[in-house]
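Notes follow once the structure below has been shown.
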Amino acid sequence: MARIRKKRRWGLRLFMLMLLAGIALAVAWRQHTAFADAPLAGIERGQTLVVAPGDSLPVVLGKLRETGVGVGQDLQWRVLARQMKADGRIQVGEYALAPGMSARTLLEAMRDGDIVSHRFTIVEGWNIRELRAALKRASPLRQTIGAWDDAELMRRLGHAGQHPEGRFLPETYQYTGEDADLDVLRRAHAAMEKALAAAWASRKPDSVLKTPDEMLVLASIVEKETGIAEERPAIAGLFERRLRIGMRLETDPTVIYGMGTRYAGNIRRSDLTTDTPYNTYLRAGLPPTPIAMPGVDALKAVANPAPGDALFFVAVGDGSGRHLFARTYAEHRANVASYLRNYRARNAAGAAPGPQAAAPSAPAAPRSP
C-alpha cells in the first residue's frame, strides 16, 4: 500500500514537472512569437540597411542598432533565423526599413534577397557630357569615374581606344546601393553592343553603310534630327540616299556637336562655315564618331530606312517637331519659306519655340551637293 502511495506521489510530481515545463515552453513560444512579429522600434521612413559581403547576423544587428533601431537580444534573432532557415543565408544588398516591419519580415527579406532597387535612365539623344553629368547627380550610386577622362573611362570598361560617344544604350537600368557609376556604364555598353549587333544583322542587303560603327554614327544623327518615331525611317532613308550619291549630309546636329560647349542654343551662318571634323556642311560623308546615344528605334530605322526620293527636309515650324520633305532644291526652298512663316507667326503669338526653332537661320541654308 505504501509502495502504491509512493508511486502516486512520483507520478503527481512528474505530471507537475511536465505541466510546468509545458507552461514554460508556452510562455517562451509566446514571447518568441511576440518578438518575431512585433514592429521593430525606432524605424523612420526612408531608412535602409546595407549588408556588405562577409557580414554575419551579429554584424547586421550592430548596423541596425547604429541606425537607432531597437533590435532586442541577439539570441532571439539567432533562434528566429534558424527557425526561418535564414541562418548563414543572409544576402548582400540594400534593404528597405519600413515603419511597422517586424524582425521576421526583415529576416525574410534578407534571406530572399529582396533588396532595394534604384533606377537610372539614359535618355535618347544624350551625349557623353550629359550622361556623365546625370551619373554624377545619381544617388545613392557610388561615384568613381569623376577624375577620369573619356580615354581612361573606356580603358576601365575594357574598351581602350574606343570613343565613348554613342556607346551606351538609352534605357532604364536598375542598381543597388553597392553599385558604382562604372557598373551602370558597363551594363549600358553591353546593351548597346547587343542592340547594334542585332540592327547590323537585320540591315538591308544593299545598305550603303560598311560597318556597324558607321551604322551607330548615322543612327545618332537620326536620333538628334527628330523626336517623332514615325519620321526616323524617312530621315534615315534620306541620309542614305545622300551618302549613296556623294551628297553632303548638311545636318545641323553634327555642327552643334562640333561646336561643343560653344553652342548656346543657336546656329549662325558663321558656325556653318567654320570647319570642324563634325561640320557636315563642309565635309562629305559621315562624321568621325557618333554625336549622341541613339535608341533602339533609331538603330532599326537606319538598318531598314524607308524608300523614297526625298533629298531635303526642314522643320514645319509649328512646334510639332515634324518635318517637310522635298525631292528637289526648289521644293525645299518653298518648304523653308513655309517654315519661316510658321516660325515668325509663333514668335509673334508669344508661343514657345518648337524643337527645331532654336536656329531659324540654319534650315534656310542650302542642303545641296
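For this structure, a couple of remarks:
- Residue order for His332, His118, fewest other beta carbons within 10 angstrom first, comes to His118, His332.
- Between 0 and 90°, nearest 10: helix 128-137 axis offset from the chain longest Cα axis: 30 degrees
- The slack in the chain from Arg129 to Ala38, taken as 0.36 nm per residue of separation less the alpha-carbon distance, amounts to 27.8 nm.
- Cα centroid of segment 104-120 to Cα centroid of segment 234-262, whole Å: 48 Å
- Gyration tensor (alpha-carbon) shape descriptor, the chain, a/c threshold 1.5: prolate
- Positive-end residue of Gln143, Ala201, Ala349, charge dipole of the chain with Cβ unit charges: Gln143
- Charging the Cβ of each Asp and Glu at -1 and of each Lys and Arg at +1, and nothing else, the dipole of segment 118-195 about its Cα centre rounds to 100 debye.
- FRET efficiency for the Arg156 to Arg119 pair, using the beta carbon distance and R₀ = 30 Å, is estimated at 0.85.
- Each DSSP beta bridge with both residues in the chain is either parallel or antiparallel, and the antiparallel ones are about 95%.
- Size of charge dipole - segment 206-364 - debye, nearest 20, with Cβ of Lys, Arg +1 and Asp, Glu -1, no other charges: 460 debye
- Projected area averaged over orientations for segment 38-116, convex hull of C-alpha atoms, nm²: 4.4 nm²
- Note on segment 297-356 and segment 162-209: Cα centroid distance 29 Å, given to the nearest whole angstrom.
- Amide H contacts of His323: Val316, each under 5 Å away and 5 or more positions distant or on a separate chain (H built 1.01 Å from N in the peptide plane; Pro and chain starts excluded).
- Rounded to the nearest 20 debye, the dipole size of the chain about its Cα centre is 2100 debye, using +1 on the Cβ of Lys and Arg and -1 on the Cβ of Asp and Glu.
- For Arg45 and Gln174, the FRET efficiency from 1/(1 + (r/R0)^6), where r spans their Cβ atoms and R0 equals 22 Å, is about 0.50.
- Extended-chain gain in nm, criterion 0.36 nm per residue less alpha-carbon gap, Ala147 and Ser202: 15.9 nm
- Using a cut-off of 32 Å between Cα atoms, the listed pairs Lys63/Lys136; Lys85/Lys136; Lys136/Lys194; Lys194/Lys224 include Lys85/Lys136 as exceeding that distance.
- Positive-end extreme of charge dipole, the chain - chosen from Met110, Val217, His163 (charges on Cβ): Met110
- Angle between the chain longest axis and helix 74-83 axis [Cα atoms, degrees, rounded to 10]: 80 degrees
- Solution diffusion estimate, µm²/s, Stokes-Einstein, segment 118-195, Kirkwood Rh from C-alpha pairs, 25 °C, viscosity 0.890 mPa s: 197 µm²/s
- Distant alpha-carbon pairs in segment 206-364 (separation over 25 angstrom), percent: 26 percent
Read the figures in this text as sums done on the coordinates, not as results from a lab. Keep in mind it's a predicted model, so treat the numbers as computed, not measured. We place every Cβ from the backbone using ideal geometry, glycine too, and count neighbours over all the protein chains shown.
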